[in-house]
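> This structure is in structure tokens; I'll ask about it shortly.
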Amino acid sequence: MIDLYYWTTPNGHKITLFLEEAGLPYRIVPVHIGRGEQFKPEFLRIAPNNRIPAIVDHAPADGGEPLPIFESGAILLYLADKIGRFIPQNLRGRSETLQWLFWQMAGLGPMAGQNHHFSQYAPEKLPYAIERYVKETARLYGVLNKHLGDGREFIAGDYSIADMACYPWIVPYERQQQKLEDFPHLAQWFERIRTRPATERAYALAKEINTSPVVDDTAKKILFGQDASTSR
């Protein structure tokens with residue numbers, strides 16, 4: 001059994017995508033980040049960076065005590081290795097998958113996240129910041145679109161953790177001020193993943209968990225008001 005500490009963000013969706021595809025038994029532990037539940041001591045023992053998602057594997061391969069893991073990319077890699085699926089077993093395929101996983105973790109996620117923040121949530125609209133991150137999001141879309149332009153269906157051969165990492169960050173493309181028709185290869189890839197039964201199940205589950213997906217003033221203070229004192 002996997003305990004998934006989850007909220008309905010792109011990083012959270014990565015893990016439900018994997019678990020639904022894999023058919024692993026799991027239990028969702030909601031962590032309402034807009035109400036500060038990520039700062040509870042019991043969660044911080046699992047995820048010291050006070051961010052979702054995190055998991056606890058109650059049946060790790062070494063047969064030892066339950067194993068906690070935080071950071072979405074690390075979780076995806078751990079789960080793929082655990083079941084021997086969604087990551088190629090050969091050297092070159094594994095290397096390509098990991099490159100694109102890290103590309104998402106270091107590029108697409110952070111840049112689209114800043115796009116969301118300055119376009120949607122910042123108390124003051126800063127044209128320079130908005131333009132900066134909208135353009136960088138477009139550049140990253142273009143990188144992935146070009147990569148997918150050689151006829152491949154998925155990012156690294158077969159459907160993999162690279163696709164699961166990237167897809168949830170493309171879902172809010174309209175909020176990111178992007179048009180999928182500008183990126184035809186990416187759009188086709190997006191549609192292939194959107195219509196997978198596991199994807200549909202994962203996003204339907206999100207609607208059950210978060211029935212009021214609104215970032216109100218209380219949530220903004222919690223989400224965007226952290227500093228060094230938060231982690232002490």
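A short reminder: the numbers here are calculations on the coordinates, not readings from a lab. Everything numeric in this text was worked out from a predicted model, so none of it was measured. All Cβ positions, glycine included, derive from the backbone under ideal geometry; neighbour counts span all protein chains shown.
> Any idea which of (1) in contact with a helix residue (DSSP H, G or I) (Cβ under 9 Å, 6 or more places away or on another chain); (2) loosely packed, with under 13 Cβ neighbours inside 10 Å; (3) closer than 25 Å to residue 49 by Cα is the one residue 217 doesn't satisfy?
Going through the list (1) in contact with a helix residue (DSSP H, G or I) (Cβ under 9 Å, 6 or more places away or on another chain); (2) loosely packed, with under 13 Cβ neighbours inside 10 Å; (3) closer than 25 Å to residue 49 by Cα, residue 217 breaks only (1).
> Separate question: May I ask you to list the residues in the stretch 179-220 that are over 28 Å from residue 150 (Cβ atoms), without any contact (Cβ under 8 Å) to a residue 60 or more places away in the chain and among the hydroxyl-bearing types (Ser, Thr, Tyr)?
211, 212 - these are the residues of the stretch 179-220 that are over 28 Å from residue 150 (Cβ atoms), without any contact (Cβ under 8 Å) to a residue 60 or more places away in the chain and among the hydroxyl-bearing types (Ser, Thr, Tyr).
> In the stretch 178-214, which residues are small (Gly, Ala, Ser), surrounded by fewer than 16 Cβ atoms within 10 Å (Cβ to Cβ) and more than 17 Å from residue 21 (Cα to Cα)?
First pass over the stretch 178-214, keeping only residues small (Gly, Ala, Ser): 187, 198, 202, 204, 206, 212.
Narrowing the set further to residues that are surrounded by fewer than 16 Cβ atoms within 10 Å (Cβ to Cβ) leaves 204, 212.
Across the stretch 178-214, the qualifying residue is only 212.
> Within the stretch 49-67, how many residues turn out to be of a type outside the set (Lys, Arg) and within 18 Å of the chain's Cα centre (by Cα)? Can you show your working first?
Residues of the stretch 49-67 that are of a type outside the set (Lys, Arg), as a first pass: 49-50, 52-67.
Applying the additional criterion that residues be within 18 Å of the chain's Cα centre (by Cα) yields 49-50, 52-56.
Going through the stretch 49-67 one residue at a time, the tally reaches 7.
> A further question follows. Within the stretch 220-232, take every residue that is within 18 Å of residue 113 (Cβ to Cβ) and of a type outside the set (D, E, K, R) and give me the one that is surrounded by the most Cβ atoms within 10 Å (Cβ to Cβ).
Across the stretch 220-232, the extreme among qualifying residues is 222.
> Would you be able to tell me the number of residues in the stretch 213-229 that are polar (S, T, N, Q) and closer than 20 Å to residue 122 by Cα? Lay out the reasoning, then the answer.
Filtering the stretch 213-229 for residues polar (S, T, N, Q) gives 218, 226, 229.
When the remaining residues are screened for being closer than 20 Å to residue 122 by Cα, the result is 218, 226.
Of the residues in that region, 2 qualify.
> What helices (runs of 4 or more DSSP H) completely inside the stretch 55-159 contain at least 2 residues that are among the basic types (Lys, Arg), free of Cβ contacts under 8 Å to residues at least 60 places away in the same chain and surrounded by fewer than 20 Cβ atoms within 10 Å (Cβ to Cβ)? Explain how you work it out, then say what you get.
On the way: elements: 72-83, 91-103, 109-116, 127-147.
Helices (runs of 4 or more DSSP H) meeting the threshold: 91-103, 127-147.
> Separate question: Of 79, 44, which residue is under 20 Å from residue 228 (Cα atoms), hydrophobic (A, V, I, L, M, F, W, C) and out of contact with any Ser or Thr (no Cβ under 8 Å at 6 or more places or on another chain)?
On the way: 79 fails: under 20 Å from residue 228 (Cα atoms).
Only one candidate qualifies: 44.
> What is the number of the single condition among (1) free of Cβ contacts under 8 Å to residues at least 24 places away in the same chain; (2) touching an Asp or Glu at 6+ places or on another chain (Cβ under 9 Å) that residue 41 does not meet?
Single failed check for residue 41: (2).
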